[in-house]
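Below you'll find the structure, written out as structure tokens, and then a few comments.
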Amino acid sequence: MTEPTEPTGPLVELRDVKVHFPIKSGVLFDRTIGHVYAVDGVSLAINRGETYGLVGESGCGKSTLGRGLLRLVEPTDGEIVFDGTDLRALKDEPMRRIRRRIQMIFQDPLSSLDPRQSVESLLVEGLKAHGLAKDKAAVDKRLREALAAVGLPASALSKYPHEFSGGQRQRIGIARALVLEPDLIVADEPVSALDVSIQAQVLNLLDELQDERGLTYLIIAHDLAVVRHIADTVGVMYLGGLVEEASSDDLYREPMHPYTRALMSAVPVPDPQVEDRRERILLAGDLPSPANPPAGCRFHTRCPWAQPTRCADERPALREVLDGHRVACHYAEDIAAGKIRPHEVEPELVRPDDGAAPGETGELIPTP
Amino acid sequence: MSDPIIQPTVGAQRESVDPSAVTEKREGTLPRGLDRLGERKRARLEQLAQATADKGGVSLVRDAFRRLRRNPTAMVGASIVALFVLVAIFAPLLAPHDPAQRFDELTKNLTVDSIPGASSEFPLGSDPLGRDFLSRMIHGSRQTLFVGVLATLIGLALGVLVGALAGAFGGWVDNILMRFTDVMLALPALLLAISLVAMASRSSQWTVILAVAIVNVPIFARLLRGSMLAQRESDHVLAARALGVKRGAIVLRHMLPNAMTAVIVQATLTLSTAILEAASLSFLGLGDPDINRAEWGLMLGVDGQRYFEVRPELAYFPAVAIIVVALGFTLLGEGMREAIDPKSRR
Amino acid sequence: MSLLDVRDLSVVFQRRGERPFTAVDEVSFSVEPGQTVGLVGESGCGKSVTSLAIMGLLPQRGNKVTGEVNFDGADLLKLRPDDLRDRRGRDIGMIFQDPLSSLNPVIPIGTQVAEVLERHRGMDHKAALKEARELLDAVGIPDPTRRLKEYPHQISGGMRQRALIAIALACKPRLLIADEPTTALDVTIQAQILTLLKELVDETGTALIMITHDLGVVAGLCDTVNVLYGGKIVERAERHELFARPRHPYTHGLLNSVPRLDSPRGERLHAIRGSVADNIPWAEGCAFAPRCDNVVDACLDGTPPLEPTANGGDLRCNNPVSEEVAVP
């Protein structure tokens, strides 16, 4: 098992990572006519043995960031330092070899497992790729251990993915990552495709594995409650950038960024008394297109606390407002102190295909 | 549950062990709650659980094969194909006579406006040259199978090569290969085949086979490339990359095999069109010049057409044989397509 | 009299060469005018099939629907297809999970709303378009005049769901069935849509059947909640009652297994073991028995009956969770 080496010091550090996808068009020759700014300057650090949770809504770039970390999509800019190595400087072959130490768990457990492979061949594949499948008996032992660790019987080895239920498939996906004894596991929406009662099983399993093996997790999810439950540190993403980062408890106790506040107030709680009492901060309109993000603070078009100065023309940096609590908002302190009151926002119309159409306003959606 | 018709297959997916059960089993106790049950009831519960458990280890291919066997249309197609193949293999044993031999008792009755019909020795009568028509029909199946299978296999091999290269490399390799197949697809298949045969200095059955094969290359290439590209975007290929599997291994072990299913189904369907195309070429007189060779297309085109007024059976039998065999392959191919992807079923 | 009264509704799917599968098993519930009723359960529990059966939208072949669906004095299951279609647009509206596939991609949104008005309310095209504009406005679509001429792919997912709600509301139906209306949407958009639905129900007096797997959605919206498991209702209770004192071990387990934003961190979630694949047939006993912490001998002696509880709900359990055990 991987020893939890010194618990301090980050295992992974991202510095100003950007992933831009070119938008191409043209009849004969493709020309780049713009970029989708999927991830636009994210810096974060994940400590050894810790769980970093990344939340945000669809289109905020959280999945792209996770894939960018593994260079499954090529980052455009920035540094990714994994255990002292800059991943972006690595050539193909060393990058491939270092992937043994960074594993990934996917959202849809069925589509991420090759339907033609039996569980055994799924699990052996990674070992083979890294030259660890030399000794038949040792491999067999390793597979059985991995399966036992995720709570599947050894008889599962000869079965195929389609013969399992959703929760079991996700366990196979986790076993496939574990077999290589990685240091870091990037889990992209690990439970969102599962039924509620199965989600808890998988979350508990991830928790147990971390305790046993000292794994470091980057958990990417849209469900704030899930992330808060499992993560030590939570980062909130909006439109390609990190808007707030704090320890899980701090973030919940005192969300400082207006977007985090809105997100938190929007999560339904299975308790009628809470639901009846709580005040919802309803955001006006939709997420602007990442191909045409608003100038200044990315959130200012929907922000109930937006101010006439700075918000629209100066992009706020992620700065430490409280101890270990970083916020990307010019007015974080004033909002926290209640000096600025929320106001109504006119929703800007967002088109899914060609980005935000500027200057169109319409029906007011009142914010309480 | 967006699709109410997809019912959870009870038993096929059992969460047989869960973490709580595992941890508690380690301590040698029952899963929580079950200790309250009486001995008999607990046994009953386990029995019910066993009833829904399944043996497992059924690969997708075997599963598809099971579905194929349950599909009556596919089975009709398979029977036709099986019969056809058997006849072709055992043609020398089944045929009562030598197909190339001209029989005196038939030739002496041949006139301009009459060809001898059925008799006890020659059940289907004579062909225009005094040969046994039944034996020629039976031997014709060999030729048809040979041409159809070989043309399909060659087409498949070349198409897979082109498609796999395009799908695996992408970029300019893909661009050049696909523009090339576009050009070939733009020409009508038969016209292309005719031109290819015409280009050969001397036509033989090999020119027919090659022509039909080449006509099918772009179809296979396009299909394979398309599904390879879809595979490239799929989660399991991404998962393999994340595992650190080498590029070549991803193409050969993940993208190609998963993309091939569609191509193999297409190959079955192509068998029927290849048979038809080969028959068309023979019909047009572009086939094998050897008059002794029995071939359905040739029999239909030369003898059947010329002597249609005299003896229409000379056209009917080869025509029906071609249609039935082509239908058999089509039914089997469609059945395979359904079996592999049950969602395509209407 | 109830607006909708579902009695012993069963849906059995039967496919050639396969064992029949009971998706909905003698489900009974009723909806009063203006009431919001929740149908909650995990995938495969029969909640969506129930709604499709009520609407008569199940495929014609391969299934058998029995029971009664009384709406306003008429049994919907016995209506002629034409009459049913008429009811479907005029008296009962439906909202689906995926707003993109529920809208016709080649027809402008305004026309799609107007068509419903023309068909069911006999309006001429001009009046219908005007009314459509007002409907889009009412469901909070910005700049409705321009949106009328736009196609579904030109607006965002949240706006599409609003457009779909506008279509469902076009004829001022007395009953609205919403099948996972927010599952495909982001949390902040979900909050917008749920608030909209709540306002509409309050303003128009429409009854609403809310079908969802998300207990959080139910908690803020529904008056009465029906919990389904394996095709049967296992518990029915008033909303506050259900969440404060869940009696069925399944409901109890579900509430315990979801991580909550306001629950203390760091402890293990109390997961329900196994999966729905472990279910035993209802004829043998309680389908939930193999996964249940409270299982007793009686649970394997045939189907437990749905019996009224002291708190005005109904419960199908031999050994319910005691009332004192509160959800943490």
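The values are calculated or read from the model by the stated rules, or taken from the named source; none is laboratory data. This one's a predicted model, so the numbers in the text were calculated from it and none came from an experiment. Reconstructed Cβ throughout: ideal geometry from the backbone, glycine too, with neighbour counts over all protein chains shown. Surface areas here come from the heavy atoms of the whole protein model, side chains and all, with no ligands, DNA or RNA. Shrake-Rupley method; radii C 1.70, N 1.55, O 1.52, S 1.80 Å.
Quickly run through segment B:214-247 and pick out the residues that are within 11 Å of chain A (Cβ to nearest Cβ) and either in contact (Cβ under 8 Å) with a residue 40 or more places away in the chain or outside any loop (DSSP other than H, G, I, E, B) (or both). Step through it out loud before you land on a result.
Going through segment B:214-247, the residues within 11 Å of chain A (Cβ to nearest Cβ) turn out to be B:231, B:233-247.
Passing the criteria: B:Gln231, B:Asp235, B:His236, B:Val237, B:Leu238, B:Ala239, B:Ala240, B:Arg241, B:Ala242, B:Leu243, B:Arg247.
Out of A:Ala200, A:Ala266, which single residue is touching a Ser or Thr at 6+ places or on another chain (Cβ under 7 Å), without any contact (Cβ under 8 Å) to a residue 60 or more places away in the chain, under 30 Å from A:His35 (Cβ atoms) and surrounded by 21 or more Cβ atoms within 10 Å (Cβ to Cβ)? Break it down into steps so the answer makes sense when it comes.
Values: A:Ala200 fails: under 30 Å from A:His35 (Cβ atoms).
Selected residue: A:Ala266, the only one of A:Ala200, A:Ala266 that is touching a Ser or Thr at 6+ places or on another chain (Cβ under 7 Å), without any contact (Cβ under 8 Å) to a residue 60 or more places away in the chain, under 30 Å from A:His35 (Cβ atoms) and surrounded by 21 or more Cβ atoms within 10 Å (Cβ to Cβ).
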**Prompt:** Could you list, in sequence order, the residues of segment C:1-21 that are open to solvent by 50 Å² or more (accessible area, probe 1.4 Å) and not in a loop (DSSP other than H, G, I, E, B)?
**Reply:** C:Arg7, C:Asp8
**Prompt:** Do we have any residue at all in segment B:108-121 that's hydrophobic (A, V, I, L, M, F, W, C), touching a helix residue (DSSP H, G or I) at 6+ places or on another chain (Cβ under 9 Å) and either closer than 24 Å to B:Phe329 by Cα or crowded, with 20+ Cβ neighbours inside 10 Å (or both)?
**Reply:** yes
**Message:** Looking only at segment C:176-224, filter to residues that are open to solvent by 20 Å² or more (accessible area, probe 1.4 Å), touching a Lys or Arg at 6+ places or on another chain (Cβ under 8 Å) and β-branched (Val, Ile, Thr); which one of those is nearest to the other protein chains (Cβ to nearest Cβ)?
**Reply:** C:Thr195
**Message:** So A:Ala332 ticks every box in (1) surrounded by 13 or more Cβ atoms within 10 Å (Cβ to Cβ); (2) modelled with pLDDT under 90 but one. Which box is left unticked?
**Reply:** (2)
**Item:** Among (1) more than 19 Å from A:Glu189 (Cα to Cα); (2) in contact with a Ser or Thr (Cβ under 8 Å, 6 or more places away or on another chain); (3) open to solvent by 20 Å² or more (accessible area, probe 1.4 Å), the one test that A:Asp271 misses
**Value:** (2)
**Complete:** C:Glu150 fails exactly one of (1) within 14 Å of chain A (Cβ to nearest Cβ); (2) part of a helix (DSSP H, G or I); (3) among the charged types (D, E, K, R), namely (2)
**Prompt:** Can you name the condition, by its number, that C:Leu306 falls short on among (1) touching a Cys at 6+ places or on another chain (Cβ under 9 Å); (2) more than 13 Å from chain A (Cβ to nearest Cβ); (3) within 27 Å of C:Val31 (Cβ to Cβ)?
**Reply:** (1)
**Prompt:** Do we have any residue at all in segment A:208-215 that's out of contact with any Lys or Arg (no Cβ under 9 Å at 6 or more places or on another chain), away from chain C (no Cβ under 11 Å), in a helix (DSSP H, G or I) and open to solvent by less than 10 Å² (accessible area, probe 1.4 Å)?
**Reply:** yes
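Residues that are β-branched (Val, Ile, Thr) and either surrounded by fewer than 18 Cβ atoms within 10 Å (Cβ to Cβ) or in contact with a helix residue (DSSP H, G or I) (Cβ under 8 Å, 6 or more places away or on another chain) (or both): find the helices (runs of 4 or more DSSP H) completely inside segment C:22-134 holding 2 or more of those.
Working: elements: C:47-55, C:81-90, C:99-102, C:109-121.
In segment C:22-134, C:109-121 are the helices (runs of 4 or more DSSP H) which contain 2 or more residues that are β-branched (Val, Ile, Thr) and either surrounded by fewer than 18 Cβ atoms within 10 Å (Cβ to Cβ) or in contact with a helix residue (DSSP H, G or I) (Cβ under 8 Å, 6 or more places away or on another chain) (or both).
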**Message:** Residues that are in contact with a strand residue (DSSP E or B) (Cβ under 9 Å, 6 or more places away or on another chain) and modelled with pLDDT of 90 or more: does segment C:185-193 have at least one?
**Reply:** no
**Asked** How many residues does segment A:164-179 hold that are buried (at least 24 other Cβ atoms within 10 Å of the Cβ) and at the interface with another protein chain (Cβ under 10 Å from one of its Cβ atoms)?
**Response** 8
**Item:** Single unsatisfied condition, B:Ala95 versus (1) under 32 Å from the mean Cα position of the chain (by Cα); (2) loosely packed, with under 15 Cβ neighbours inside 10 Å
**Value:** (2)
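Mind checking which helices (runs of 4 or more DSSP H) fall wholly inside segment B:19-120 and carry at least 1 residues that are modelled with pLDDT of 80 or more? Please lay out each step first, then the result.
Working: elements: B:19-26, B:39-52, B:60-70, B:72-89, B:91-94, B:104-107.
Here the list reads B:60-70, B:72-89, B:91-94.
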